[in-house]
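S.K.: Supplied in structure tokens, the structure appears directly below.
What follows is calculated from the coordinates using simple rules that are stated; it is not laboratory data. It should be emphasised that the depicted structure is a prediction, and the values quoted were computed from it without experimental measurement. Positions of Cβ are generated from backbone atoms using ideal geometry, with glycine treated the same way; all protein chains shown enter the neighbour counts.
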Amino acid sequence: MSTLKLIDVKKLTFSYFDQMVLKNINFEIESGQRCLIIGLNGAGKSTLLRLLAGKHMVKANCLFSVLGSRAPQDQINGLAYLGNSWSRTIAFAGNNVAYQCDIKVREMMTKLQEKNKERRDYLVNLLGINLDWKMHQVSDGQRKRVQIMLGLLNPFKLLLMDEITVDLDIIARQDLLRFLKKECQENNASVVYATHIFDGLDDWVTHIIHLSNGESKGKENILEYSNFSLLKSKNMNNCLLRSVESKLREEYEKQKTKEVTEIEKKEKNKTKYGPQGGYSSGRFYNYWK
């Protein structure tokens, strides 16, 4: 089966309110790949996925193509995004408002369910969903299953997932991962998945992107998992979790040391210039000591 380039990103940089989040990101995703994005909290994983899903606009000075478009949209041209984009907070109403209303599963996105009834029924059975569930009466995990089912109703060419399985029990999660692997193998689709839960992914992932402080790391910005696993020590039994931990541990310790140093500098400046800082009268009390 021939491969197609589904994502092509070169020199991608992105900022929130003048705060640099992603810097010089370069990678490609081809059809059939199941790619894991790894990195510490705040590395930019969710932001990268939201950019790929078209939730934010990118600057014109970078190469950015997702399914042949610079402005991708969820459920358009074979793109699917499963994350927290449907979550919003309203006073006295809570989170995920659409998923907490007094409505049955079968009454949500009815036209899309009717259009893909056979696929809907397969996903309902796979995820253990009851179409007569009322969304205000189910658990967070059941609610998440419904979101996944609705997000996968249309067959996808490229699926972007941001920690979507965190509320699923182990059975639902493993069944979903097997389904997605089958979709990639049989339909030449691809999945890009950001998660901190690595159980059951050893024989699932094919490639890895490592983000560190908003930058893609390594000589190759996307590594085959077989090559990435060589970074671990020999006694780790080819375990993805231990491979990722060994890769990120040194980075984590360096980040902690840097944060402690910055705090110490701030405390030193407070002593020098007073708790309010600056040179105004009454604040500059320790400078001449």
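S.K.: Under 13 Å from the Cβ of V146, count the other residues' Cβ atoms, weight Lys and Arg +1, Asp and Glu -1, and hand me the total. Before the final figure, lay out each step's value.
M.R.: Working: positive: K104, R106, R120, K134, R143, K144, R145; negative: E107, D132, D140, D167.
Overall, the nearby charge balance is +3.
S.K.: Hey, another quick one. Compute the Cα gyration tensor for segment 28-74, then decide on rounded, prolate or oblate, letting a ≥ b ≥ c be the square roots of its eigenvalues: rounded whenever a/c is under 1.5, prolate when a/b is larger than b/c in the other cases, and oblate in all that remain. Kindly include the intermediate steps, with their values, before the conclusion.
M.R.: On the way: a/c = 1.86, a/b = 1.19, b/c = 1.57.
It is oblate, given that a/c is not under 1.5 and a/b is not larger than b/c.
S.K.: Same structure again: Using a/c under 1.5 as the rounded threshold, could you call segment 143-205 rounded, prolate or oblate? The axes a ≥ b ≥ c are square roots of the C-alpha gyration tensor eigenvalues, and prolate needs a/b larger than b/c, oblate otherwise. Present the calculation step by step, with values, prior to reporting the outcome.
M.R.: Values: a/c = 1.60, a/b = 1.14, b/c = 1.40.
It is oblate, given that a/c is not under 1.5 and a/b is not larger than b/c.
S.K.: If the cut-off is 20 Å between C-alpha atoms, which aspartates and glutamates fall inside it for K258, apart from same-chain ones fewer than 8 positions away?
M.R.: E215, E245, E250, E267
S.K.: Would segment 5-231 count as rounded, prolate or oblate if I go by the C-alpha gyration tensor, calling it rounded below 1.5 in a/c and otherwise prolate when a/b exceeds b/c, oblate otherwise?
M.R.: Numbers: a/c = 1.73, a/b = 1.46, b/c = 1.18.
Verdict is prolate for segment 5-231.
S.K.: Okay, next question. Based only on other Cβ atoms within 10 Å, what is the fewest-to-most ordering of R70, R249, R50?
M.R.: Numbers: R70 13, R249 10, R50 18.
Least to most surrounded, the residues fall as R249, R70, R50.
S.K.: Can you tell me which of 209-216, 171-178 comes out highest on packing, and rank the rest after it, using the mean Cβ neighbours within 10 Å? Write down the numbers at each step before the final one.
M.R.: Values: 209-216: 20.6, 171-178: 16.6.
My ranking of the peptides, most packed first, is 209-216, 171-178.
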